[in-house]
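Report on one structure; see the data block that follows.
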């Protein structure tokens, strides 16, 4: 049996979002059996290391009837949305609507990581140690493209309630109002928001492109990140080197 590190027991919970049976456009893998297996692999990665995980799932799939989801440290939360009109608004609309519902419940943690499903994060222990203290909110905000990377972030519940709650209603992928731009507009310029100091390295599945994530640094992106941090410390214009990382 894998020994659970003491640090994991005191770690921030992870909220992992997912849709086993797709109910929106703009998805690359539609086979629910493939998606189910990918979610299970990602959830096991964190649960076997002792991290508390909330898996938010909003499709018609019956997780209660699937014993593979009965993992230690895992809480599955079914948040099925019956509003069919929302399906056409895209994944970001559905994901943040689901987050809103869960974070308004009694189960909501006071501080948490949010991670899009079907991927693992190699440096989870680093981010746990770095981000544990409340007060700072960790998001990648790329100025040139007015884009917030919503794949992975860490924030306090009261910050989410003040700045992110109900933003999903503005998102509509078909009209180009993707959730990443909506979130950027809400967070840009807030002093509590910090750029990730280290590039998150994911393995697994990219939901939109269908590309395999290999957990490797993209050197040009890492250089931009380091230079951006340096420019920020000297209060220079970060837009010189500020654009979304390669996907």
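Here are the numbers for this structure:
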| read-out | value |
| --- | --- |
| Pairs where the first residue, in the range 30-45, is touching a residue at least 12 places away in the same chain (Cβ under 8 Å) and the second is assigned to a helix (DSSP H, G or I) and surrounded by fewer than 14 Cβ atoms within 10 Å (Cβ to Cβ), C-beta under 8 Å, 6+ apart | 40/68 |
| Total residues in the range 165-185, condition surrounded by fewer than 18 Cβ atoms within 10 Å (Cβ to Cβ), part of a helix (DSSP H, G or I) and more than 17 Å from the chain's Cα centre (by Cα) | 5 |
| Filter result for residue 210 (closer than 28 Å to residue 32 by Cα, at pLDDT below 95 and loosely packed, with under 14 Cβ neighbours inside 10 Å) | yes |
| Selection count where residues are under 16 Å from residue 109 (Cβ atoms) and under 18 Å from the mean Cα position of the chain (by Cα), scope the range 48-78 | 10 |
| Candidate set: the range 1-11, residues that are within 13 Å of residue 47 (Cα to Cα) and assigned to a loop (DSSP other than H, G, I, E, B); chosen: the one modelled with the highest pLDDT | 11 |
| Selection from the range 195-207 of residues that are at pLDDT 70 or above, out of contact with any helix residue (DSSP H, G or I) (no Cβ under 9 Å at 6 or more places or on another chain) and surrounded by fewer than 19 Cβ atoms within 10 Å (Cβ to Cβ) | 201 |
| Selection status of residue 99, assigned to a strand (DSSP E or B), surrounded by 13 or more Cβ atoms within 10 Å (Cβ to Cβ) and either out of contact with any helix residue (DSSP H, G or I) (no Cβ under 6 Å at 6 or more places or on another chain) or modelled with pLDDT of 95 or more (or both) | no |
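The values are calculated or read from the model by the stated rules, or taken from the named source; none is laboratory data. Please read all numbers here as calculations on a predicted model, not as lab measurements. Every residue, glycine as well, gets a Cβ built from its backbone with ideal geometry; the counts of neighbours run over all protein chains shown.
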